[in-house]
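Some notes on the structure that comes next.
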Amino acid sequence: SALLAEGLGALLRPDALGQALRPVGAAGLPAVQESAAGILARGGWAPAPERILFTGNGRQALSAAVAALVPPGGRLGVEELTYPLVKAVAARLGITLVPLAMDEDGLVPQAVAEAHAAAPLHAVYVQPRLHNPLSLTMPEQRVEQLAEVLLRLGLPAVEDAIWAFLCDDLPPLAAYAPERTVVIDSLSKRIAPGLSLGFAITPPALTAAVTTSLRAGGWAPLRFALEAAHRWQRSGTVRKLVAAKQREATVRQEIAARCLAGFAVRSDERSFHAWWDLPRPWRADTFVAAAARHGIAVVPAAAFTVGDSHAPNAVRLGLATPPPDVLAQALCTLAEVARTAPEDLVTD
């Protein structure tokens, strides 16, 4: 909070604050677009400032992109385990989600081609970097292969880059297929959830459609958030916070590795999530209920599955919110629960 307050000092002058409280459109302001390009740059890639549109938060940017690219009744390809909000957006828009196979490297490009051949897709939603919930990051060769398939088929992609700032040495899918990719990002994970700002980086051919979708949804950004982001970028605050959160992710992954040693937990040292394939005979639903009896919330795999896809006996662990000591206590408690047979818990 002290670091954020320091970067906002100039914004509290009456003249600056008066400007910050005026309305603004999806394109924001040229100076803010320049700052946003610096915030979003990673892995040697940087978006063209004029290609950046703004929304109130990342969820609005995602909803607008999907609505712009996929008509009602259309088909959106998604990873077979995907971000739950996409399921809600698709249901609201009357869109059919098509689950696409994954392996240890993430989305399988050939699965996109096969699904499109079976019945044309309108777009693909993908999380190439630090996938939620699996924390997978695609190797560069896989990203290149996916880009080649999208370009060959003429398919647009919605690239969710919300967590990608934690591995900012890696370029996005948009670096390989810039004319086919809409990148979705936000400030909430980088900075603070309470002052959110969403970004949609659009190729020229898709800018008008996404802009129209933003206007139709009433998803314009708050100018105060734009001005704050602009000042935080110029002051170096964004860079400091990103570096701190990258270090913090490593600390929390070390806690998880220590508390859950011996269990089948998959993650990435740069991620704030972990995916736990539960030991037999546990089922995800009974484990979630057992964890809740200890005051601990975990998310079952079923929340991330698409359609009638089989949900594995796994849960996603969110490592970001609790203080480190509380996180360690919760994870060690979950480990003890997992070592106890479900029947014993019911008997107790």
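The values are calculated or read from the model by the stated rules, or taken from the named source; none is laboratory data. This is a predicted model, so every value here is computed, not measured. With ideal geometry, Cβ positions are generated from the backbone for all residues, glycine too; neighbour counts draw on all protein chains shown. In case anyone asks, the SASA skips ligands and DNA or RNA and just uses the protein heavy atoms, side chains included. Shrake-Rupley method; radii C 1.70, N 1.55, O 1.52, S 1.80 Å.
Could you identify the single residue in Ala88, Ala115 that is surrounded by fewer than 18 Cβ atoms within 10 Å (Cβ to Cβ) and more than 30 Å from Glu50 (Cβ to Cβ)?
Ala88
What's the number of the only condition in (1) open to solvent by 40 Å² or more (accessible area, probe 1.4 Å); (2) more than 19 Å from Pro156 (Cβ to Cβ) that Pro99 fails to meet?
(2)
Considering (1) surrounded by 19 or more Cβ atoms within 10 Å (Cβ to Cβ); (2) touching a strand residue (DSSP E or B) at 6+ places or on another chain (Cβ under 8 Å), say which one Leu327 fails and leave the rest.
Every listed condition holds for Leu327 apart from (2).
Go over the candidates Leu136, Leu130, Leu146 one by one and state the one that is open to solvent by 10 Å² or more (accessible area, probe 1.4 Å), assigned by the TED database to the domain that holds Thr82 and at pLDDT 95 or above.
On the way: Leu130 fails: open to solvent by 10 Å² or more (accessible area, probe 1.4 Å); Leu146 fails: open to solvent by 10 Å² or more (accessible area, probe 1.4 Å).
Sole residue among the options that is open to solvent by 10 Å² or more (accessible area, probe 1.4 Å), assigned by the TED database to the domain that holds Thr82 and at pLDDT 95 or above: Leu136.
Which of (1) within 21 Å of Leu8 (Cβ to Cβ); (2) in a helix (DSSP H, G or I) does Ser188 not meet, given it meets every other one?
If we test Ser188 against (1) within 21 Å of Leu8 (Cβ to Cβ); (2) in a helix (DSSP H, G or I), just (2) comes out false.
Could you list, in sequence order, the residues of the stretch 286-345 that are over 17 Å from Pro133 (Cβ atoms) and in contact with a Ser or Thr (Cβ under 6 Å, 6 or more places away or on another chain)?
Residues satisfying the conditions are His294, Pro342.
Is it fair to say Arg231 is without any contact (Cβ under 8 Å) to a residue 24 or more places away in the chain, part of a helix (DSSP H, G or I) and among the charged types (D, E, K, R)?
It is false that Arg231 is without any contact (Cβ under 8 Å) to a residue 24 or more places away in the chain, part of a helix (DSSP H, G or I) and among the charged types (D, E, K, R).
Could you list, in sequence order, all residues of the stretch 1-12 that are modelled with pLDDT of 80 or more and either outside any helix (DSSP H, G or I) or farther than 22 Å from Ile191 by Cα (or both)?
Passing the criteria: only Ser1.
Pro47 passes all but one of (1) over 20 Å from Tyr125 (Cβ atoms); (2) modelled with pLDDT of 95 or more; (3) not in a helix (DSSP H, G or I); which number fails?
Among (1) over 20 Å from Tyr125 (Cβ atoms); (2) modelled with pLDDT of 95 or more; (3) not in a helix (DSSP H, G or I), the lone unmet condition for Pro47 is (1).
Here are some residues: Thr250, Thr202, Thr212, Thr207. Which one is hydroxyl-bearing (Ser, Thr, Tyr), open to solvent by less than 20 Å² (accessible area, probe 1.4 Å) and either under 27 Å from Leu173 (Cβ atoms) or not assigned by the TED database to the domain that holds Val32 (or both)?
Thr202
Of these, Phe199, Phe165, Phe224, which one is at pLDDT 90 or above and either over 25 Å from Leu97 (Cβ atoms) or of a type in the set (Val, Ile, Thr) (or both)?
Exactly one residue qualifies, and that residue is Phe165.
Being among the small types (Gly, Ala, Ser) and assigned to a helix (DSSP H, G or I) is the filter; apply it to the stretch 191-225 and report the residue that is nearest to Leu155 (Cα to Cα).
Among residues in the stretch 191-225 that are among the small types (Gly, Ala, Ser) and assigned to a helix (DSSP H, G or I), the one nearest to Leu155 (Cα to Cα) is Ala205.
Of the residues Ala297, Ala274, which single one is under 26 Å from Ala341 (Cβ atoms), assigned to a strand (DSSP E or B) and either touching a strand residue (DSSP E or B) at 6+ places or on another chain (Cβ under 9 Å) or open to solvent by 60 Å² or more (accessible area, probe 1.4 Å) (or both)?
Ala274
Got a sec? Which of Arg92, Arg129 is closer than 21 Å to Leu173 by Cα and not aliphatic (A, V, I, L, M)? Talk me through it step by step, then tell me what you get.
Details: Arg92 fails: closer than 21 Å to Leu173 by Cα.
After ruling out the rest, the residue left standing is Arg129.
Could you tell me which numbered condition Gln60 fails, if it satisfies all but one of (1) in contact with a strand residue (DSSP E or B) (Cβ under 6 Å, 6 or more places away or on another chain); (2) surrounded by fewer than 21 Cβ atoms within 10 Å (Cβ to Cβ); (3) within 22 Å of Pro178 (Cα to Cα); (4) not hydrophobic (A, V, I, L, M, F, W, C)?
(2)
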